[in-house]
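For reference, the structure discussed in these notes is given below.
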Amino acid sequence: MKVYLETFSQIDKELGLLFYASDIPGLGGRIKERPEDFIVVENSIIEPDSSGNHLVLVIWKKDLSTREVVELIAKKLGIGKKAVGVAGMKDKRAVAIQKISIPYKDVDLRELEVEGHLKILGAFRAKRKVRVGYLRGNFFKIVVRGVKNLGALNEIIAQLRERGCPNYYGYQRFGGRTRNHELGRLIIEGNYDLLASRMGLRRRISGVKDVLRLDLRLLRFFINSYQSYLFNLMVSERMRRGHPINEFIDGDFVKGGKPAFPLIGYKSKLPREEAGDIVESVLEREGVGPEDFNLEIRKLRDKGGLRKVPMTYRLLKAGICSENDVILSFWLEKGCYATVLLREFCKWSEPPI
């Protein structure tokens, strides 16, 4: 049995990130003081095809979200935003290199650029539109400024290598201080009046017809955030009981050769034995079950899925830039959060949300 270090951050507790895999004192520090401090390079596989009907653009962006890039390019080309394909969404306060696709046409790529914010590094034709399935992961290079306890860097890396890193959903998933998962729970409960109040709506929501007038994609995102919160609680309960992150316990599901917990949906099967007891204890405390995600509105229903308990990362390296700044570089599998890995190093009392 392992004893894991508990978080002392109130925000972590509210989002279900209750433990650290490493027990070394944190570095503290600040991220994203400037866009160049957070560099992301997309690792996506897209096969070129000289006769393809799509044009894949390799873009460099700075201080623009992927959504803003899509809107900008769609407007300049006079096409709908849905015609622009992306494999993943990248942060605004960062420098990122990623691929997007547009319907193939003769276009002066320089006209799509925005000085200092958007460059086209290359382009090639492809048979299919860029989609999430093409994404394998992302390479990161992140500067953390104003740190302390520099001698702990290599020891934390060694502990993570031995124990694994919990594959928590990160702060971005929950919308910062808006607590999207709480809104998702209100939808599951059918508490639409309180949902309307929390969303700042001036009208009441009394039934399905009123719900259908809302942005269903946004409501679905709230539900997914609540699923993420439940998963975080399961991982935390596993750690509270002293079980390993990257080794199997009785009843564990398997995904990619690693232990996995369910993302609860209406078709979810629950594990048995000790893993099942962990899952059921979380659902019982929350007062929910798989059947609660089979909502009356079809577009809000979610079947559920599986997510690995340990984070999949590679090539983790750390270096010292100056007396109080460090640089961390690593590769993360898609769906994993860089801030969760950074959390193990920094152990923020006030996370960067």
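None of the figures in this text is laboratory data; all of them are computed from the coordinates on show. Just so it is clear, the model here is predicted, and its values are computed rather than measured. When we count neighbours, we look across all protein chains shown, and the Cβ atoms used for this are built from the backbone with ideal geometry, even at glycine.
A few points about this structure:
- Taking the DSSP beta bridges with both ends in the chain, the antiparallel portion is around 95 percent.
- Alpha carbon convex hull of segment 91-182, projected area averaged over orientations, nm²: 10.7
- Rounded if a/c under 1.5, otherwise prolate or oblate - segment 130-236, Cα gyration tensor axes: prolate
- Taking segment 81-110 and a reference point 7 angstrom along Cα→Cβ of Cys321, the backbone N atoms nearer than 16 Å belong to 93-96.
- Divide the volume of the convex hull around the Cα atoms of the chain by the residue count and you get 154 Å³ per residue.
- Cα gyration tensor of segment 1-94 - equivalent ellipsoid semi-axes, whole Å, descending: 39, 17, 14
- Residue-averaged 222 nm ellipticity for the chain, from DSSP H runs of 4+ at -39500 (n - 2.57), nearest 500: -8500 deg cm²/dmol
- Mean Kyte hydropathy of 0.0 or more with a Cα span along the axis of at least 18 Å, helices from DSSP in the chain: 216-240
- Residue among Val130, Ala94, Ala74 farthest towards the positive dipole end of segment 47-136, charges placed on Cβ: Val130
- Tail beyond 24 Å, pair distance distribution of segment 47-136 (Cα, percent): 10
- Mean projection area, nm², convex hull over Cα of segment 271-336: 8.2
- Cβ-to-Cβ counts within 10 Å put Phe248, Phe174, Phe38 in ascending order as Phe248, Phe38, Phe174, the fewest first.
- Translational diffusion coefficient (Stokes-Einstein; Kirkwood radius from C-alpha pairs) of segment 118-166 at 37 °C, 0.692 mPa s, in µm²/s: 209
- Take each peptide in 292-303, 339-350, count the other Cβ atoms within 10 Å of every residue, and average; sorted highest first, the result is 339-350, 292-303.
- Percentage relative contact order, the chain, counting C-alpha pairs under 8 Å, at least six apart: 24
- Taking N as the residue count of segment 219-353, its C-alpha radius of gyration divided by 2.2 N^0.38 Å amounts to 1.21.
- As a rough footprinting exposure proxy, the listed residues Tyr266, Tyr192, Tyr229 were ranked by other beta carbons within 10 Å of their own, and the order from fewest upward is Tyr266, Tyr192, Tyr229.
- Sum of side-chain charges, Ala74 neighbourhood, beta-carbon under 12 Å (Lys, Arg +1; Asp, Glu -1): +3
- Computed lengthening from Ser206 to Phe139, 0.36 nm per intervening residue step minus Cα-Cα distance: 19.5 nm
- In a simple Cβ point-charge model (Lys, Arg +1; Asp, Glu -1; nothing else charged), segment 169-308 has a dipole of about 880 debye relative to its Cα centre.
- GNM top mover of Tyr226, Tyr104, Tyr168 - the chain, alpha-carbon springs below 10 Å: Tyr104
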